[in-house]
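A.B. asks: Have a look at this one.
What follows draws every value from the coordinates through simple rules; no lab data is involved. Bear in mind the structure is a predicted one, so any value in this text is a computation, not a measurement. Neighbour counts run over all protein chains shown; Cβ positions are idealised from the backbone, glycine included.
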Amino acid sequence: MSKRKKDTDVNEFWSMARSFLKVYLPNAREVSPNTVKAYKQALETLIKYLEGSGFTRDTITIGTLTPACIEGFMIWMSKEQNCRPRTCNLRLSAIKTFLRYCGHHVITNESISREVLGLPMKKVRKEKIEYMSNKAVGAILNTPDNRRAMGRRNKAMLSLLYDSAARVQELRG
């Protein structure tokens, strides 16, 4: 590979990563800032792995992200970073989304994207979900002072959150 081609490929990787995080995710996919942050963290973790594997930021290309590379990354996250399977799967999902984006925008990246998309997720044990007892929920809902406007507001908010299973961030808008 010529130096010029290599430089173009390196620039393409960083350009694609930037447009993926700054344009595609927030605008085309309309994901939350927290989701963008999670995808960015996944790519940063992948870059950290690649740097530990002998690559430099000047040598990382989209072609670097082969199935073998991503499988090594998954093993590294499990063994070296002590990540749980759910975390590994989230990072893998972000990388697959990034590569799908790359394949969609640059036809020569399509084969790399397709190969990595076939990688399986790690098995995750289902954990038993524990719920609050009716007595505990009642105690929480009865905590606000109904004699005051703020207390009635708080009780209404708590009731809404409980009944809808919403998060506080969703209620605040």
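A.B. asks: Sort out for me the Cα centre separation of the stretch 28-92 from the stretch 105-129, rounded to whole Å.
C.D. replies: 12
A.B. asks: If each of H104 and A136 carries a label point 7 Å out from its Cα toward its Cβ, how far apart are those two points in nm?
C.D. replies: 4.1
A.B. asks: Which entry in (1) 52, 32, 24; (2) 77, 33, 25; (3) 73, 28, 26 is this structure's computed Cα extents along the principal axes in Å?
C.D. replies: (2)
A.B. asks: Could you grab the relative contact order for the chain? Cα pairs under 8 Å, six or more apart, rounded to a whole percent.
C.D. replies: With pairs under 8 Å counted, the relative contact order is 17 percent.
A.B. asks: Okay, next question. With a cap of 15 neighbouring Cβ atoms within 10 Å, and only residues DSSP puts in a loop, list the trypsin sites (Lys or Arg not before Pro) found in the stretch 19-111.
C.D. replies: Within the stretch 19-111, the qualifying trypsin sites (Lys or Arg not before Pro) (loop, at most 15 other Cβ atoms within 10 Å) are R29, R57.
A.B. asks: Let me ask you something else. Hand me the GluC sites (Glu not before Pro) from the stretch 8-81 located in a DSSP loop with no more than 11 other Cβ atoms within 10 Å, in residue order please.
C.D. replies: Here the GluC sites (Glu not before Pro) that fit, given the DSSP loop and packing criteria, are E30, E80.
A.B. asks: For S15 and N34 in the same chain, what is the full-extension length gain: residue separation times 0.36 nm, less their Cα-Cα distance, in nm?
C.D. replies: Contour length minus the Cα-Cα distance gives 4.7 nm.
A.B. asks: Within the stretch 52-83, name every residue whose backbone N is under 13 Å away from a label modeled 7 Å from Cα of L43 along the Cβ vector.
C.D. replies: 61-62
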